[in-house]
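The values are calculated or read from the model by the stated rules, or taken from the named source; none is laboratory data. Remember, predicted model here, so these are calculated numbers, not experimental data. Every residue, glycine among them, receives a Cβ derived from its backbone with ideal geometry; neighbour counts consider all protein chains shown.
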Amino acid sequence: MHIPSLQASVSPEEWQLRCDLAACYRLVAAYGWSDMIFTHISVKLPDSVTGGDHQFLINPFGLMFDEITASSLIKVDMACNKLQDTPFQVNPAGFVIHSAVHEARPEVECVLHTHSRAGVAVSAQRCGVLPISQQSTFVLASLAYHGYEGVALRDEEKPRLQADLGQANYLMLRNHGLLTVGTSIAEAFLAMYTFENTCRIQIDAQAGGALVEVDPAILNNMGHVMRTATGGKGAQLAWPALLRKAERLDPGYKT
């Protein structure tokens, strides 16, 4: 499928965000977190690009994640109006969830949502995330839950989703999947990598018998650990390597 390049018609800043977001989609596919065409990653465009209007980029409904390119991403406003010519539509459920988060959390640049097998499995467990792995300790330091209300098509759900998310960076959507937020695409991706592995480890551990939980004192100290372990730059350290991986998989994401 040929999609004309938008590089010449958008600002360099927007083009870079498009390339990074397209890489994120390709990486989500490569790590096995995608659900065909049915989940979403969005990135908010900065005021320097929009002139102060709230706009974000999201995937075209109908493309697999490993087909997403920088030019295929759709720019929308907060009323889901498409702000570019495109033959594709925006998934309405995706728009409701992502617009709710971007509206409530102005510091958030990227919102990443998945329906992975392990994520949905843990979201269906009454206990939620258990403190049984190092990965889980990072998630539990900033985790919230949102009860299932059916496919997210109704604007009336948005205030409840916003209230449940609060200031957390990880949101478990009960009976539905996982959501992470970040002040950059890199942060949201690394958070999802940690969240997904937390859920995979939990399912595997539960299959093996009695579980050993992490000492609560360690959990209580995780805020300090997260601030000092990588100086708050873990995502920035990992992202260049992840971009090299996306490049090896298929450099066509940048078209």
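How many residues does the stretch 100-135 hold that are touching a strand residue (DSSP E or B) at 6+ places or on another chain (Cβ under 8 Å) and not acidic (D, E)? Let's see the steps before the verdict.
Quick first cut of the stretch 100-135, residues touching a strand residue (DSSP E or B) at 6+ places or on another chain (Cβ under 8 Å) only: 101-102, 105, 108-116, 119-120, 122-123, 128-129.
Filter again for not acidic (D, E), leaving 101-102, 105, 108, 110-116, 119-120, 122-123, 128-129.
Final tally of qualifying residues: 17.
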How many residues does the stretch 157-173 contain that are among the small types (G, A, S) and either touching a helix residue (DSSP H, G or I) at 6+ places or on another chain (Cβ under 6 Å) or under 25 Å from N197 (Cβ atoms) (or both)? 2
For the stretch 28-62, enumerate the residues that are farther than 23 Å from W239 by Cβ, of a type in the set (A, V, I, L, M) and in contact with a Phe, Trp or Tyr (Cβ under 8 Å, 6 or more places away or on another chain). I37
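Can you pull out the strands (runs of 3 or more DSSP E) entirely within the stretch 136-255 that have at least 2 residues that are without any contact (Cβ under 8 Å) to a residue 12 or more places away in the chain, touching a strand residue (DSSP E or B) at 6+ places or on another chain (Cβ under 7 Å) and surrounded by 15 or more Cβ atoms within 10 Å (Cβ to Cβ)? I'd like the intermediate steps shown before the answer.
Details: elements: 143-146, 170-173, 177-182.
Strands (runs of 3 or more DSSP E) meeting the threshold: none at all.
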Restricting attention to the stretch 143-156, the residues that are out of contact with any helix residue (DSSP H, G or I) (no Cβ under 7 Å at 6 or more places or on another chain) and among the acidic types (D, E) number exactly 1
Is it the case that D47 is at pLDDT below 95 and either closer than 29 Å to Q167 by Cβ or crowded, with 22+ Cβ neighbours inside 10 Å (or both)? yes
